[in-house]
């Protein structure tokens with residue numbers, strides 16, 4: 001298993017390097033890696049309209065307001081208030097906390113709004129847009145809060161609105177918001193060559209295992 005993972009990692013590094021070369025040729029901005037701060041959920045405030053969790057990281061850990069927060073399943077919210085050793089995170093399953101999303105397959109962009117439970121609605125979708133049941137919705141990166149490319153839900157219903165020019169698109173999230181125990185705060189973006197592994201000790205360990213970085 002270790003050998004297979006090491007070979008797979010080597011292939012992914014090669015793909016990454018090739019992709020970066022193509023981006024440079026096209027004069028695109030160099031893609032960055034997310035610096036994640038693992039955090040434990042130490043409190044929850046769940047009501048009908050706002051869902052907030054409390055995490056065990058704060059200003060002492062360089063956490064700031066509006067930083068995006070991820071779970072193992074994808075994007076879940078943003079930091080709303082910061083204290084010395086803890087922070088509040090407003091989850092996307094809250095009113096007035098929309099997130100810009102795009103259809104992973106067709107690249108159609110819309111604004112995801114929470115309805116109830118794990119049900120969301122993708123607004124601002126035209127009747128001519130290509131959105132189908134089963135499509136995965138991911139964060140678009142627009143708006144400057146949520147990083148691009150993280151899943152938020154799967155489309156479960158698509159039908160024409162009464163106005164005849166827009167679609168009603170419903171989606172469901174795979175995230176169990178009420179059961180979150182650990183999340184990751186996106187603290188910064190750093191170059192890929194500094195972020196293949198979580199920290200220097202991990203990088204040194206794996207380099208020793210594979211005989212040095214090639």
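The values are calculated or read from the model by the stated rules, or taken from the named source; none is laboratory data. This is a predicted model, so every value here is computed, not measured. FYI the Cβ positions are ideal-geometry reconstructions off the backbone, even for glycines, and counts take in every protein chain you see.
Points worth noting:
- Some residue of the stretch 26-47 being closer than 30 Å to residue 168 by Cα and within 19 Å of the chain's Cα centre (by Cα): no
- When 58, 74 are screened for being closer than 30 Å to residue 155 by Cα and surrounded by 13 or more Cβ atoms within 10 Å (Cβ to Cβ), only 74 passes.
- Residues in the stretch 61-71 that are surrounded by fewer than 16 Cβ atoms within 10 Å (Cβ to Cβ) and in contact (Cβ under 8 Å) with a residue 60 or more places away in the chain were compared, and the one that is farthest from the chain's Cα centre (by Cα) is 62.
- Per-region count, the stretch 130-155, residues within 20 Å of residue 115 (Cβ to Cβ) and without any contact (Cβ under 8 Å) to a residue 40 or more places away in the chain: 8
- Checked against the criterion of being at pLDDT below 95, over 30 Å from residue 33 (Cβ atoms), surrounded by fewer than 21 Cβ atoms within 10 Å (Cβ to Cβ) and over 15 Å from the mean Cα position of the chain (by Cα), the candidates 157, 168 yield just one match: 168.
- Taken over the stretch 121-143, the criterion of being in a strand (DSSP E or B) and closer than 23 Å to residue 34 by Cβ is satisfied by 136, 137, 138, 139.
- Inside the stretch 92-107, residues that are surrounded by fewer than 21 Cβ atoms within 10 Å (Cβ to Cβ) and either touching a residue at least 60 places away in the same chain (Cβ under 8 Å) or in a loop (DSSP other than H, G, I, E, B) (or both) make up a count of 9.
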